[in-house]
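Okay, so here's the structure we're looking at.
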């Protein structure tokens, strides 16, 4: 557990304690409500995690290198953005991987597109997001994020 | 709960289990790798979800609705956007951890635009992640990408705030297996009687009442029936379908 997650544990436990002291009844009512809400999500989250496991098995992180290294930068950027939308590679794996590649002299545009869609667009988490916020919201948010990732990548290409 | 409703409630989980069974039968090596890959994320989930649970409890119990509306609501303006950005950025955990918190803030009055900001910055901007990025790709790469991302998130939030209304979103997530309470927007005159009777279920937005369906359950059905009777224009209807659809 990194220091950030740990401090989050500390803060949330302290706040819950404070809430319990302030009003036991209100806190327990809130717990019941949250339990209902998160209980509904738990099954889906676990399902999604095991889907990620499958995706990572058949599209290993290393395979992204062949996409990023393509000759046609425009095409590579779009494919990289799609790959980033589908996979969910942990950031601490993605950064060194992309970094090593940029160091060798590959174009950064596809690399940025990949890094940005990796976190901002979630095809795998789509069903969960849809359930909480509705289809329209989820669809627009993910599509807009995809387009924005391409724009960010293009802008980075110009600026750097 | 019968087996059938259990399966229906966990459709995705059952589907994934079936896929794994097939995978184990046909490609046992790949199946084992897939399980191993999943374990990292499972650990991450158990590190983060209890915290998220406690935080939603704290928001619900300690933070008054008026405060959320003032700081994250439709009229919170640029300051509300900044606050949402900070909230998303100091967070921990993957994007799905942002769903319960955002949902809770939304039901308590946060605007669509600010929900977009919280979700997006939660996913993309994280201090430990930024440090990692600077280490492997350089400080200038990281800072330029960060600035561009923040701008992109703000534009997205503004666009989505214009494109989607909150009422539309609430209607979009109706769980059809639960009793459904609908306020007919054409009949509602915004008198607020239902809101006064059951503030936990009804909400008044833009002079029209609408039902917060996540708070509708069999326990408060009797009281909801009373609101149906009291409504002067008979705009409220209950549709108690037990999964018949």
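The values are calculated or read from the model by the stated rules, or taken from the named source; none is laboratory data. The structure displayed is predicted, hence computed values, not measured ones. Don't worry about glycine lacking a Cβ; one is built from the backbone with ideal geometry, like all the others, and counts go over all protein chains shown.
A few points about this structure:
- Of the criteria (1) buried (at least 17 other Cβ atoms within 10 Å of the Cβ); (2) in a helix (DSSP H, G or I); (3) at the interface with another protein chain (Cβ under 8 Å from one of its Cβ atoms), which one residue A:64 fails: (3)
- Every condition in (1) within 19 Å of the chain's Cα centre (by Cα); (2) closer than 17 Å to residue A:150 by Cα holds for residue A:90 except the one numbered (2).
- Some residue of the stretch B:70-87 being facing chain A (nearest Cβ under 7 Å) and either in contact with a helix residue (DSSP H, G or I) (Cβ under 7 Å, 6 or more places away or on another chain) or under 28 Å from residue A:24 (Cα atoms) (or both): no
- Flag if residue A:98 is without any contact (Cβ under 8 Å) to a residue 60 or more places away in the chain, under 11 Å from the mean Cα position of the chain (by Cα), within 10 Å of chain B (Cβ to nearest Cβ) and crowded, with 24+ Cβ neighbours inside 10 Å: no
- Restricted to the stretch B:52-67, and to residues there that are surrounded by fewer than 22 Cβ atoms within 10 Å (Cβ to Cβ) and more than 7 Å from every other protein chain (Cβ to nearest Cβ), the residue that is nearest to the chain's Cα centre (by Cα) is B:59.
- Residue B:139 vs. criteria more than 10 Å from chain A (Cβ to nearest Cβ) and surrounded by fewer than 23 Cβ atoms within 10 Å (Cβ to Cβ): yes
- Residue in the stretch A:68-79 that is farthest from residue B:131 (Cα to Cα), counting only those that are buried (at least 22 other Cβ atoms within 10 Å of the Cβ) and without any contact (Cβ under 8 Å) to a residue 60 or more places away in the chain: A:76
- Of all residues in the stretch B:24-39 being part of a helix (DSSP H, G or I), more than 7 Å from every other protein chain (Cβ to nearest Cβ) and surrounded by fewer than 20 Cβ atoms within 10 Å (Cβ to Cβ), the one that is nearest to the chain's Cα centre (by Cα): B:39
- Residues of the stretch A:3-16 that are surrounded by 13 or more Cβ atoms within 10 Å (Cβ to Cβ) and either at the interface with another protein chain (Cβ under 7 Å from one of its Cβ atoms) or more than 11 Å from residue B:51 (Cβ to Cβ) (or both): A:4, A:5, A:8, A:9, A:12, A:13, A:15, A:16.
- Those residues of the stretch A:108-128 which are more than 8 Å from chain B (Cβ to nearest Cβ), part of a loop (DSSP other than H, G, I, E, B) and within 9 Å of the chain's Cα centre (by Cα), in sequence order: A:121
- Residue selected from the stretch A:129-148 under the condition facing another protein chain (nearest Cβ under 8 Å) and touching a residue at least 12 places away in the same chain (Cβ under 8 Å), by the criterion surrounded by the fewest Cβ atoms within 10 Å (Cβ to Cβ): A:131
- Boolean, residue B:48 is at the interface with chain A (Cβ under 8 Å from one of its Cβ atoms), modelled with pLDDT under 90, surrounded by 19 or more Cβ atoms within 10 Å (Cβ to Cβ) and part of a helix (DSSP H, G or I): yes
- Some residue of the stretch A:38-56 being more than 7 Å from chain B (Cβ to nearest Cβ), touching a residue at least 24 places away in the same chain (Cβ under 8 Å) and not in a helix (DSSP H, G or I): no
- Taking the stretch B:192-227 as the range and being surrounded by fewer than 19 Cβ atoms within 10 Å (Cβ to Cβ), in a loop (DSSP other than H, G, I, E, B) and in contact with a strand residue (DSSP E or B) (Cβ under 8 Å, 6 or more places away or on another chain) as the test, the residues that pass are B:192, B:212.
- Taking the stretch B:161-198 as the range and being within 14 Å of another protein chain (Cβ to nearest Cβ) and modelled with pLDDT of 80 or more as the test, the residues that pass are B:161, B:162, B:163, B:164, B:165, B:166, B:167, B:168, B:169.
- Residue list for the stretch B:68-83, filter: without any contact (Cβ under 8 Å) to a residue 60 or more places away in the chain and surrounded by 18 or more Cβ atoms within 10 Å (Cβ to Cβ): B:68, B:71, B:72, B:73, B:76, B:80
- Residues of the stretch B:95-117 include none that is in contact with a strand residue (DSSP E or B) (Cβ under 7 Å, 6 or more places away or on another chain), modelled with pLDDT of 85 or more, in a helix (DSSP H, G or I) and buried (at least 19 other Cβ atoms within 10 Å of the Cβ).
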